[in-house]
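Written below as structure tokens is the structure these notes are about.
The values are calculated or read from the model by the stated rules, or taken from the named source; none is laboratory data. Note that the structure is a prediction, hence the values are computed from the model and not measured. Quick reminder, even Gly has a Cβ in these numbers, built from the backbone with ideal geometry, and neighbours come from all protein chains shown.
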Amino acid sequence: MRALILACSFICVSACVSAFAADNTTAAKASKKQSVADAPALQIVPQLQDIKGVVSWDLLAKVDQKNVKERIIPVFTKEIIALNNQEVKIQGFMMPLDPGQKQKHFLISVSSATCPYCMPAGPEGVVEVLATSPIKYGFDPIIISGKLAVLKDDPTGLFYKMTNAVLSSAN
């Protein structure tokens, strides 16, 4: 399934670039009398606020990278390594990996998906989640708790995985 995610990311880049090129070709042919007011409104992506007791995405983003034998390997801070195999809470937006209203295996991300083919963030902004029981999919951010694994050499390029996850609250 994770290989599919990476393949979809590649497809997304191609689709978005093609759509952008098509839009620019159309725009070039359009009248030059258009103003900024004629442009379509930008969609605002909801931003998550830090919550006490919930791991911050700013912390999870503190990852450097190094090249080792023609591969890029993450280098985590001591604060991130201290989270390995710990019970933590994470808030974010659910990205289902399977069809259906309820999900046991999904991604949680720092930002909501705005394109059906795009990953909403890089590997520092996504956590693979395996829940103990299905969690209902929605567009609003959720808080989950579970055991976090810091992945030092994941073949799919993910940095984090949460197991035994359950829907939680900030308290």
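Structure data summary
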{"quantity": "Odd one out for Cys118, checked against (1) at pLDDT below 90; (2) exposed (fewer than 15 other Cβ atoms within 10 Å of the Cβ)", "calculated": "(2)"}
{"quantity": "Extreme residue, surrounded by the most Cβ atoms within 10 Å (Cβ to Cβ), among residues of the stretch 145-167 that are more than 21 Å from Leu59 (Cα to Cα) and at pLDDT 95 or above", "calculated": "Leu167"}
{"quantity": "Qualifying positions in the stretch 47-65 - modelled with pLDDT of 90 or more, surrounded by fewer than 11 Cβ atoms within 10 Å (Cβ to Cβ) and not acidic (Asp, Glu)", "calculated": "Lys52"}
{"quantity": "Checking Pro141 against (1) touching a residue at least 60 places away in the same chain (Cβ under 8 Å); (2) in contact with a helix residue (DSSP H, G or I) (Cβ under 9 Å, 6 or more places away or on another chain); (3) over 20 Å from Lys152 (Cβ atoms), the condition it does not meet", "calculated": "(2)"}
{"quantity": "Number of the condition not met by Gly92 [criteria: (1) modelled with pLDDT of 85 or more; (2) surrounded by fewer than 11 Cβ atoms within 10 Å (Cβ to Cβ); (3) under 18 Å from Glu124 (Cα atoms)]", "calculated": "(2)"}
{"quantity": "Candidates Ile73, Ile108, filtered to the one that is farther than 20 Å from Met162 by Cβ, surrounded by 12 or more Cβ atoms within 10 Å (Cβ to Cβ), at pLDDT 70 or above and in contact with a strand residue (DSSP E or B) (Cβ under 8 Å, 6 or more places away or on another chain)", "calculated": "Ile73"}
{"quantity": "Hits in the stretch 68-127 (condition: within 18 Å of the chain's Cα centre (by Cα), within 18 Å of Lys152 (Cα to Cα) and not in a strand (DSSP E or B))", "calculated": "Ile80, Gly122, Pro123, Glu124, Gly125"}
{"quantity": "Where a residue in the stretch 115-136 is under 15 Å from Thr163 (Cβ atoms) and its partner, wherever it lies, is β-branched (Val, Ile, Thr), with Cβ under 7 Å and at least six apart", "calculated": "Val127/Ile90; Val127/Ile108; Val129/Ile108; Val129/Ile144; Leu130/Thr163; Ala131/Val166; Thr132/Val166"}
{"quantity": "All positions within the stretch 128-144 that are surrounded by fewer than 14 Cβ atoms within 10 Å (Cβ to Cβ) and within 12 Å of the chain's Cα centre (by Cα)", "calculated": "none"}
